[in-house]
Amino acid sequence: MEKNYLLDIFTALPFPCLVFKKEGENFNVVQANRKISSILCFNHDEIIGKSLVEVYPKDFIVPLLQNSFHKVLSTSKKDVIGPVTLNFTHIKISDHKNLMWDIENIPIKDENTDAVFILHVLKEAVLSDSDRNENEKDQQYEHFITKNPDGLYSLDLKGDFTSANEGIAEIAEVSLQELLKMNFLPFCETKDKEKIWNHFQEGINGVANTFEANFLSAKGNEKVLLISLMPIKINNEIVGTYGRAKDITNLRNSEKVLSEKNHFLNVNSMFMGLLLEQGLSVETLEKAFSIVGQTVKADRMYYFEAVKDEGSKETLISMKVEWTSENAKPEIDNPEMHGLSANKLQEIMGPLTKNLPFTAKLNDLPECELRDIFLDQQIKSMLLLPVFIQNDLYGFIGFDDCTTERNWSNDEINFLKGLAHNFTNAVEKRTAETALRQKEEALKRNEEKFKALVQEGSDLIGILDTSGKYLFVSDTSKNILGLDPQDMIGKLAFDFIHPDDVQRLQEEFGLLETQKRVKTAAFRFKDQSGNWRWMETTATNLLSDPAVQGIVVNSRDITTIYEQAKEIELINERYRLAAKATQDIIYDWDLETDEVIRYYRSLIDLFGYTAEEVDQRKFWPSNIHPDDLPHLRKKLDDILGDEEEFFISTEYRFKRVDGSYARVRDRGFIIRNKQGKAIRLIGASSDISELTAKEEALKLANQRFQLAMKATNEMIWDWNLETNEIVRNQAFEEVYKFSEETNKASDFWYSRIHPKDQKRVKKSLDIAMANPEVFKWKEEYRIFKGNGDRAYVIDRASMIRDNLGNVKRMVGAVLDVTESRRLLQEVKGQRETFKEIAWEQSHVVRAPLARLQGLLDLFEINDFEVMPKNELVENVKKAANEIDGIITGIVSRIEKIEVGADEKK
Amino acid sequence: MPTRKSDMEILIVDDDNIVCMLHRNQLLRSQVPYKLVTCSNGKQAFEYIRSKKEEVNSFLVLLDINMPVMNGWEFLEKFKEKSLDTDIYVVLVSSSTYRDDKQKAFRSDKVIDYVTKPLGVSDVEKIKNLKEIKSYFN
């Protein structure tokens, strides 16, 4: 009942009223009276539930009301605001638009007297010059202007102050009298001037408005003001504007500081995050410095490390990391920023070595080295923060401002100190970790060294007591001897040693009574399989050492070395035997020690030197011809230096003992290690003087042959059967009229042989070539010349055979005998003629002559019985005539032959 | 009763009648004891020998080279073709002093000498003392 009664009263109130309730961060309408519904577009039900912002959308009054509501709820006291213009978006009646309102926010309390609702009452406060009486004006003035802590003022249409309270004079940091002579524009900060002017224009155009802007006091202090402007109307004419200025500088600064600190915290956290995640690498620090430097608006951020010089004991500082803004040039590569003597920068080092920050501004610095640095690096102000580790200055972090001489604020310094502290922790952690890691590694190395030396090494280490019994045996006994240490401990060492070596070793060990250490000669030691291993031992007397109390025996298995030495001796013997079998000198050159071992049958046979001379270190290079030595050395260096080369062949002149020079051919095989470096050169040196002389002679013979080929009319041919190439001399073209081109065909010559001679010639040549005993070949045949003429030739050739008797080369000469053959035929013809003549002489001429002689014999003996004398005379005459006729005939025939010969010519 | 074979006959083979007469005269002058027969060519001589081979043991033929019908060489060739199973000794009596003729003559196993015309007494004496027929004249 009571509630309804109150609600009825509330509904009937003649002022627009709303009841707000705080719900979360918002203030929402829970009740509205009839009056408010009449001026707003919303009906009663629509307005319920709307928030403050929805009731007064985009209006400056909202923050004021929120502050007021908070104040009312916290104090449970009424709060009054006004008069203000309310910019109702949803206003129903236009007359209400320019009304001024006094706002009263009244707490509605619950049973516990806690304010739970706010009664929001609007009272019309429209200023009306005609209606307002003087008293009300005075009261208003007193209440709203004179006593108001905010700046209240009025401006004419030009912006000149026409009235002002002390509040605005205080904000402007100028006397009230001075202010009333001024315009508002000089107080506007340049960047906001246009914005402020626009709001002023709105005010004098009749639109009340509120805004926030930056101003400068007469003393140059920045002020952030919340300005409300209301048009001043006299007789419905706007003559200026009222203004209310609320100084919210501190609020904004606080917000800024808060934001800055928040940012600092974020940056610090980011900085730490980077250091933790990525460690203290230069790249990480550059990234972190970039973030921090930009945060504190520095132009350069850097880290210097301080190191004590072992020699001079002086502290040297060096820049390790640097970040710069676009206003500063990097100095990280400046050599003067490295190894800088701290003594020369006492003004810096003073506070830093006491773990205090250092700040400086250029204009505060006297003439000193630091000032020079400021000027060189265009530094206006500097802040250095020490990095202190274990009470020593480890380094420092620095910040340079190259644009302003800056006073570093405490907040900045504290923030950066915190940052430097975190950095120090990171460095300290890293240093500790590094030291720990180094110690661990050293320990690990020592353990591995011990393990390598004693447990897994190639040496057998044991400790003997004075009787020669093993007290300790290293695990290496398993690898070396196949014996477990337990198999040896407690037993006499001499039980394992070859009987033939025991006495000698006992004598050698006896020396330990007088000397600390004894190295034994090689001896035999029985392994697990009963085989004898060759060992070499160093025994050290450590009986007096409390940690050992025994004789430490360090034994090395030299069986392999011993066997290798025997093998090497065997190889050397083979080398010597090989050298005896050859005229060559075999050598083995150790390139690492420059030692050469030479094997030779008899140098006297080769160069005439004695063995002593040969074995001298510089013997070989000192006898190489001086003209050949540089080239030889270069070739040797080039080939030995080339990892791909494994063979070297050289030729040079080598001085004999009689001063003459032999021609030597040296061929060597290079042995390289895994890295490709040449470590040995094994080769043979051959005296090729005789061979060279033969080659020279052959060369000369070839030259002569070439000349002979040019000089002769015979066609000389040189057939290389290995390459199947035939070289022919000029006669090929000049005598046989063939072109050079035709010479290229391999069966060319054969194809030019007369078909009737081809088979015979080929058969003859094949037979000659197939018989290893035959070195000459000759054949006569006919060929067709290049111009088609037929020629008779005699082809003679010499064959050069290899050791197996195969023909490797044939050199021959083709003689054109066509002319001589023609002459011979002629001679043969003549001979036949002469034969015929001789025959005729014998038979035809001598027949009557012989008859005549026989008849004459009858005359001589006067024997006319077989033939009467007259008949005899008649026959004699007949025979004589016959002879005469025959002679006449012969002369006639000879004359005919001569005529024929002349005609042929 | 069988007829006794005469030891030898001497054939003068030449186409020149005067030469045949001169040969005959020289043989007679040297008192050769055998029958002298004259033939004018080789063919005639070959036919004579073949016809007489049963009656005569041996024939000494004084043979000229250059003859018609069958010359001396052809006569010698004829004996190579056909053996007559009788001893035939040929002395070439030619006017030729040509060396080739002499060399060629001695290539036949029937020829025992070569005599250059005219045939003289000394030539006949020399022929009589040739080792092949010496026994016929002692």
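Just so you know, all these numbers are worked out from the coordinates, no wet-lab data involved. Given the structure is predicted, the values throughout are model-derived calculations rather than measurements. Neighbour counts run over all protein chains shown; Cβ positions are idealised from the backbone, glycine included.
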For chain B, with the dipole built from +1 on Lys and Arg beta-carbon atoms and -1 on Asp and Glu ones, taken about the Cα centre, which of B:F137, B:N25, B:W73 lies farthest toward the positive end?
B:F137
DSSP bridge pairs, the protein assembly as shown: antiparallel proportion in percent, nearest 5
90 percent
Which entries in A:K219/A:K329; B:K80/B:K134; A:K193/A:K417; B:K78/B:K134 show an alpha-carbon gap greater than 29 Å?
A:K219/A:K329; A:K193/A:K417
Calculated FRET efficiency, A:N183 and A:V307, Cβ-Cβ r, R0 60 Å, to nearest 0.05?
0.40
Taking Cα atoms, the helix A:193-204 axis meets the longest principal axis of chain A at an angle in degrees (rounded to 10) of 40 degrees
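Write out the trypsin sites (Lys or Arg not before Pro) in the range A:150-206 meeting two conditions: DSSP loop, and at most 13 other Cβ atoms within 10 Å of their Cβ. Write down the numbers at each step before the final one.
On the way: sites: A:K158, A:K181, A:K191, A:K193, A:K195; in loops: A:K158, A:K181.
Of the trypsin sites (Lys or Arg not before Pro), the ones in loops of the range A:150-206 whose Cβ has at most 13 other Cβ atoms within 10 Å are A:K158, A:K181.
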Using only Cα atoms, find the angle between the long axis of helix A:869-904 and the longest principal axis of chain A, and express it within 0 to 90 degrees, rounded to the nearest 10.
10 degrees
Relative contact order (%) - chain A, alpha-carbon pairs under 8 angstrom, separation at least six:
4 percent
Could you point to the residue in A:F669, A:W323, A:N253 farthest towards the positive end of chain A's charge dipole, with +1 and -1 charges on the Cβ of Lys/Arg and Asp/Glu respectively?
A:F669
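Let me know the shape class of the protein assembly as shown, please: from the alpha-carbon gyration tensor, a ≥ b ≥ c as square roots of the eigenvalues, rounded when a/c is under 1.5, otherwise prolate if a/b is greater than b/c, or oblate.
Working: a/c = 5.13, a/b = 2.73, b/c = 1.88.
Judged from the Cα gyration tensor, the protein assembly as shown comes out prolate (a/c at least 1.5, a/b above b/c).
State whether the range A:333-412 is rounded, prolate or oblate according to the following rule on the C-alpha gyration tensor (a ≥ b ≥ c being the square roots of its eigenvalues): a/c under 1.5 gives rounded; otherwise a/b larger than b/c gives prolate, and the remaining case gives oblate.
Values: a/c = 1.71, a/b = 1.18, b/c = 1.46.
Cα axes put the range A:333-412 in the oblate bin.
Relative contact order for the range A:599-660: what is it in percent, counting Cα pairs under 8 Å that are at least 6 residues apart? List each step's numbers first, then the result.
Numbers: 33 pairs, mean separation 26.6, N = 62.
Answer for the range A:599-660 is 43 percent.
Once you've got the Cα coordinates, tell me which of A:K77/A:K123; A:K778/A:K828; A:K191/A:K297; A:K287/A:K308; B:K43/B:K117; A:K195/A:K361 are over 26 Å apart.
Working: A:K77/A:K123 18 Å; A:K778/A:K828 24 Å; A:K191/A:K297 21 Å; A:K287/A:K308 28 Å; B:K43/B:K117 21 Å; A:K195/A:K361 37 Å.
Where the Cα-Cα span goes over 26 Å, the pairs concerned are A:K287/A:K308; A:K195/A:K361.
Can you give the extra length, in nm with one decimal, that the chain gains between A:N43 and A:K526 once fully stretched, where that is 0.36 nm per residue apart less the Cα-Cα distance?
Working: separation 483, 0.36 × 483 = 173.88 nm, distance 11.86 nm.
Answer, rounded to one decimal: 162.0 nm.
Assign unit charges at the C-beta atoms only (+1 for Lys and Arg, -1 for Asp and Glu), then state the dipole size of the protein assembly as shown relative to its Cα centre in Debye, rounded to the nearest 20.
Details: 142 positive and 171 negative charges, 1109 e Å.
Using only the charged Cβ atoms, the result is roughly 5320 debye.
How large is the helix-only mean residue ellipticity at 222 nm for chain A, computed as the sum of -39500 (n - 2.57) over DSSP H runs with n ≥ 4, divided by its residue count, in deg cm²/dmol to the nearest 500? Don't jump to the answer; show the numbers that get you there.
Numbers: 29 runs with 363 residues, N = 905.
After summing the helix terms and dividing by the residues of chain A, the value is -12500 deg cm²/dmol.
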Where does helix A:410-450 land angle-wise versus the long Cα axis of chain A, in degrees 0 to 90, nearest 10?
40 degrees
Neighbour-count ranking for A:L352, B:L84 (other C-beta within 10 angstrom, fewest to most) reads B:L84, A:L352
Can you give me the distance in nm between label points at A:Y562 and A:K869, each placed 7 Å from the Cα along the Cα-to-Cβ direction?
14.3 nm
Between A:R809 and A:R437, what is the spin-label point distance in nm, taking each point 7 Å from the Cα along the Cα→C-beta axis?
7.5 nm
Explain nothing, just compute: Karplus ³J(HN,Hα) = 6.51 cos²θ - 1.76 cosθ + 1.60, θ = phi - 60°, for every residue of the range A:660-667 in order, whole Hz, x for Gly and Pro.
6, 10, 9, 8, 10, 10, 10, 10
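May I ask you to sort A:V292, A:V873 by Cβ crowding, counting other Cβ atoms within 10 Å and putting the fewest first?
Numbers: A:V292 22, A:V873 13.
If I rank by nearby Cβ atoms, fewest first, I get A:V873, A:V292.
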Hey, can you grab everything whose amide H is under 5 Å from the amide H of A:A164? Only 5+ residues off in sequence or another chain; H modelled, so Pro and N-termini drop out.
A:S154
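For the range A:165-243, what class follows from the C-alpha gyration tensor (a ≥ b ≥ c being the square roots of its eigenvalues): rounded when a/c is under 1.5, otherwise prolate if a/b is larger than b/c, else oblate?
On the way: a/c = 2.25, a/b = 1.43, b/c = 1.58.
Here the range A:165-243 falls in the oblate category.
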Work through the residues other than A:L471 whose Cβ is under 12 Å from its Cβ and net out their charges, Lys, Arg +1 and Asp, Glu -1.
+1
Have a look at chain B and give its Rg and Dmax from the Cα atoms, expressed in angstrom.
14.0, 50
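Which of A:L804, A:L356 has the fewest other C-beta atoms within 10 Å, and how do the rest follow up to the most? Walk me through the intermediate numbers first.
On the way: A:L804 7, A:L356 12.
Ordered from fewest to most neighbouring Cβ atoms within 10 Å, A:L804, A:L356 come out as A:L804, A:L356.
Would you kindly calculate the mean projected area, averaged across all directions, of the convex hull enclosing the Cα atoms of the range A:289-427, in square nanometres? Can you show the working numbers first?
Working: hull surface 32.2 nm².
It is 8.0 nm².
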Using alpha-carbon pairs under 8 Å, 6+ residues apart, how would you state the relative contact order of the range A:636-702 in percent?
26 percent
Residue farthest toward the positive end of the dipole of the protein assembly as shown, with Cβ of Lys/Arg at +1 and Asp/Glu at -1: which of B:V37, A:Y470, A:L481?
B:V37
Return P(r) of the range A:785-905 (all Cα-Cα pairs; 10 Å bins starting at 0; whole %; ordered from short to long distances).
10, 21, 17, 15, 12, 10, 8, 5, 2
Whole-Hz Karplus couplings 3J(HN,Hα) for the range A:25-36, θ = phi - 60° and coefficients 6.51, -1.76, 1.60, Gly and Pro as x, run 8, 9, 10, 10, 6, 10, 7, 9, 8, 5, 4, 5
